[in-house]
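Engineer: Provided herewith is a single structure, encoded as structure tokens, for subsequent inquiry.
The values are calculated or read from the model by the stated rules, or taken from the named source; none is laboratory data. Just so you know, these numbers come straight off a predicted model, no measurement behind them. Virtual Cβ from ideal backbone geometry, glycine too; neighbours counted across all protein chains shown.
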Amino acid sequence: MPCRGIRGATVAEANSREAILAATRELLEAIIAANDVHPGDVASVFFTTSPDLTAEYPALAARELGWLDTALLCNQDIAVPTGLARCIRVLIHWNTERRAHEIRHCYLGEAERLRPDRAMAPAK
């Protein structure tokens, strides 16, 4: 089965544990809903945050959603002067038969400006 990447990004309201986890959870739920992702099909997930987010690891939101056996990694984005503040990005490595053009990438809220062609409303 091929492994495909799903990308997404969002912005936390503040540099707080609660805001980081809420934003990450909303992003992951949007990706799950848009692609019908099942945790057992996820090989790994790579999270990054802008340098101003330090209060919590965004990967904890995935653990709270039940992704207990999935390899998760967090890192910090480079400090580009024009970069988006309080930004959380994700790259999900997903084992799927879907072709690359069938995957829905999710950019929420202020992160829509990173990829306006991929912007979408959050999952309810």
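Engineer: Given the conditions (1) part of a strand (DSSP E or B); (2) surrounded by 12 or more Cβ atoms within 10 Å (Cβ to Cβ), which single one is not true for LEU28?
Structural biologist: Of the numbered conditions (1) part of a strand (DSSP E or B); (2) surrounded by 12 or more Cβ atoms within 10 Å (Cβ to Cβ), the odd one out for LEU28 is (1).
Engineer: While we're here: Residues THR48, THR10, THR82: which one is at pLDDT below 95 and within 19 Å of ARG113 (Cβ to Cβ)?
Structural biologist: THR82 is the lone residue from the list that is at pLDDT below 95 and within 19 Å of ARG113 (Cβ to Cβ).
Engineer: Looking only at segment 60-70, how many residues end up being among the aliphatic types (A, V, I, L, M) and over 21 Å from SER50 (Cα atoms)?
Structural biologist: 2
Engineer: For segment 69-105, which residues satisfy the criterion of being among the charged types (D, E, K, R) and over 17 Å from the mean Cα position of the chain (by Cα)?
Structural biologist: Within segment 69-105, ASP69, GLU97, ARG98, ARG99, GLU102 qualify.
Engineer: Still on this structure: Suppose we keep only residues that are within 13 Å of ILE20 (Cα to Cα) and in contact (Cβ under 8 Å) with a residue 40 or more places away in the chain within segment 65-89. Which one would you say is surrounded by the fewest Cβ atoms within 10 Å (Cβ to Cβ)?
Structural biologist: ALA85
Engineer: If you don't mind, there's one more thing I want to ask. Could you check segment 12-25 and list, in sequence order, the residues that are of a type in the set (D, E, K, R) and assigned to a helix (DSSP H, G or I)?
Structural biologist: Of everything in segment 12-25, those that are of a type in the set (D, E, K, R) and assigned to a helix (DSSP H, G or I) turn out to be ARG17, GLU18, ARG25.
Engineer: Among the listed residues HIS101, HIS93, identify the single one that is modelled with pLDDT under 95 and either within 20 Å of ILE32 (Cα to Cα) or among the hydroxyl-bearing types (Ser, Thr, Tyr) (or both).
Structural biologist: After applying the criteria, what remains is HIS101.
Engineer: Same structure again: Taking only segment 58-85 into account, find how many residues are more than 14 Å from HIS38 (Cα to Cα), polar (S, T, N, Q) and touching a strand residue (DSSP E or B) at 6+ places or on another chain (Cβ under 9 Å).
Structural biologist: Count: 2.
Engineer: When segment 31-76 is examined, which residues are found to be more than 23 Å from ARG104 (Cβ to Cβ), of a type outside the set (S, T, N, Q) and either touching a His at 6+ places or on another chain (Cβ under 9 Å) or assigned to a loop (DSSP other than H, G, I, E, B) (or both)?
Structural biologist: PRO51, ASP52, LEU53, ALA55, GLU56, TYR57, LEU68, ASP69
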